[in-house]
1. Which residue, Gly37, Phe201, His238, has the largest displacement toward the positive end of the dipole of the chain when charges sit on each Cβ (Lys, Arg +1; Asp, Glu -1)?
2. Could you give me the ³J(HN,Hα) list for the stretch 387-399, computed from phi with Karplus coefficients 6.51, -1.76, 1.60 and θ = phi - 60°, whole Hz, x at Gly and Pro?
3. Cα axis of helix 167-179 to longest principal axis of the chain: angle in degrees, 0 to 90, nearest 10?
4. So if each residue of separation counts as 0.36 nm, and I subtract the Cα-Cα distance between Ser433 and Ala649, what length gain in nm does that give?
5. When DSSP assigns beta bridges and you keep just the ones with both residues in the chain, what percent turn out antiparallel, to the nearest 5?
6. With a sphere of radius 11 Å drawn around the Cβ of Gly622, what net charge do the other residues whose Cβ falls strictly inside it have (Lys, Arg +1; Asp, Glu -1)?
7. Can you compute the helix-only [θ] at 222 nm over the chain? Use -39500 (n - 2.57) per DSSP H run of at least 4 residues, normalise by all residues, nearest 500 deg cm²/dmol.
8. Once the cut-off is 19 Å, how many percent of the Cα-Cα pairs in the stretch 520-605 end up in the long-distance tail?
Amino acid sequence: MTGMLARPLITTIRERCRVCYGCVRECPAKAIRITGGQAEVMADRCIGCGNCVQVCSQHAKQVRDSLGEIEPLLDAGTPVSIMVAPSFPAEFLDVPWKRFVGMLRAAGFTFVHEVAFGADLVSERYRQLLDGAAGRTYVATTCPALVEYVERYHPHLVGSLAPIVSPMVAAARVMRRIHGAEVPTVFAGPCIAKKAETDGFARDEVVAAMTFAELRELFRRRGVRAEDVVDSDFDPPHGAVGGLFAITGGLLKAAAVDDDLVDAEGVTADGHERFVEAVKEFEAGAIPAALLEVLACQGCVMGPGMTTRAPRFTRQTAVSHYVKDRAVTLDEKVWRKAMRRYAGLDLSRGFAPDDRRLQGPTREEIQAILSRMGKDRPEDELNCGACGYPTCCEHAIAIHQGLAESEMCLPWTIDRLRTTVGELHESHRQLASTQDALVHAEKLASMGQLAAGIAHEVNNPLGVVLMYAHLLADEAGKDTQLHTDLKLIAEQADRCKRIVSGLLNFARQSQVNLQPVNVRDLVDAAMRGVRRPEGVKVRVEHASIDPVAELDRDQILQVLTNVMVNAIEAMPNGGTLTVRTGGTDERMVFEVVDTGTGIRPDHMGKIFTPFFTTKPMGRGTGLGLAVSYGIVKMHRGEITPTSNADPAAGPTGTTFKIDLPRRGRAE
Ligand code: ADP
Ligand code: MG
């Protein structure tokens, strides 16, 4: 059958597809491609079985509309014929069949026929085919999806397809005989694949095939309601056991084909899984019967064009009740006469291969694809089926054929997600700490600006105070009270100057003067400059590395002194002060460790802030660490404290680590 390329039977509504791979799993033709995380029905591979429509919980599969072709016919005002598939009693469970026929007439159809009579004719041809089979075996061609499937995916079986038209085509030919070829005929049934048949083989005889879902929509649009219409009968000829075609095995029954378990002339298989298997078994010659009846659905009553939610046996019962009902009223003589009248109707047809099989990858190519999904060893192939393919290997083949993506592998994707989440956590943590550092740096920078401004303004007047205090003290003569007082003024003014110069340091007003410095000498110098009380023991530890680094000697000396003074002040009852040097080829690291009181966690964030001190008035200025911070930053280094102030959590004490580049580049 041709024409399917241009008009896809089924399309995906992208917004609705949640990519559950349910349709991939259910598609017997492997006609669903996942690309860009979307399930797409490939028109040239689709056989129209409608399994994907049925299985999609999101209603993301859209069936091609036929009302667009049918309504204009009705609106034209000229006669139109309709034939309904034998499964109609299973769809219109709520409407007595005569009322249903009345509704079809009310909708505007001039002639209303049963496909069942076409099925009766077709059954007779099957009987004749089998009678003359002489050892040949056939696959029944009543299911259009099956026909498409064989033509495309088992093309060499085409010769085994029973060369008989479908009941729809048979019925259409009868109707043309009765009403003339100029009366257009449409079909209503449970089937999507019938739309392809009307595009292809039946295109000159059936204008369009609508589903029962569409027929209900047609009734709605045309305001046809069961309660408003009068009962009516189908136009003759009426069907007999052909009505059973809607049920699996109906063909065998209608054609009186023996499906005896011991010595069957015919066997049946239905549903998408058994259908694929049965065709394969037929191909392998494993089916010991003359006729295989295969249906893509579990009988037409379970077709994708149905809207009813009724279970399978309720539907089958509705059909068999109808057939029984008709049998009671059917005038057998009239029926036989009709059968005789159309006995000469040509109901034969041929089939042509339409090979759509895809080239399979080599063993190596499959292995390469599997390894890309982290499946290097056989035990990595979980065959969990989450991707929609029964095995990892089949998934890999589908990837090779461009039908699937590796992301469909759930275990692999979960694994990758887990790694990504871990990496995200880590980078989030890093970002958070960087942000803290930034906030801190910004705070210090703005304080630095303020401090620098004040320092600059205060420096000159202080110089004047200091100079005159010294001059006056010299004039006052030694050993006078005035001299002592003036000395005190000079001393305090000098202290102010030192604070101010500290502030300027902190504000990075001064320059860094880099020169090679031996850090061992530097530590010794710092030690000499610090007053050490009785109870404090001192340890100096130098790692055996190159002790020379490019630093501003005076400034780093000041940093070490500040940090060591703090350490000693934190040990009023004695303890141990340890100073270490170490590092790498790139870095020079100092560690100043004390066994003192420790820094309380709530103070940790403030210690580098200018004027933050926990020491009594007159003792601490709160500038030591602020200045040290500025100096270290100007050396492009880091100063980091770690501390424990809680005796319950272990020995208290603080470590200041000063980490500087060995070959500095001053800012
Ligand atoms: P100051 O020493 O003048 O108080 P610093 O800037 O040198 O100012 O230190 C700020 C504060 O940091 C100190 O008051 C003290 O609370 C805390 N601190 C610094 N070093 C230590 C340490 N080794 N042990 C305990 N606390 C410390
Ligand atoms: Mg200090």
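Nothing in this text is a laboratory measurement; each read-out follows from the coordinates by a stated rule. Please read all numbers here as calculations on a predicted model, not as lab measurements. Ideal geometry is used to build each Cβ from the backbone, glycine not excepted, and the neighbour counts take in all protein chains shown.
1. The residue sitting farthest along the positive end of the dipole is Gly37.
2. Per residue, the Karplus-derived 3J(HN,Hα) values read 7, x, 10, x, 9, 4, 5, 5, 4, 4, 4, 5, 5 Hz.
3. 50 degrees
4. Extra length available between Ser433 and Ala649 comes to 75.3 nm.
5. Restricted to the chain, the bridges split so that about 55 percent are antiparallel.
6. After counting each charged neighbour, the total is +3.
7. It comes out at -14000 deg cm²/dmol, rounded to the nearest 500.
8. Roughly 41 percent, rounded to a whole number.
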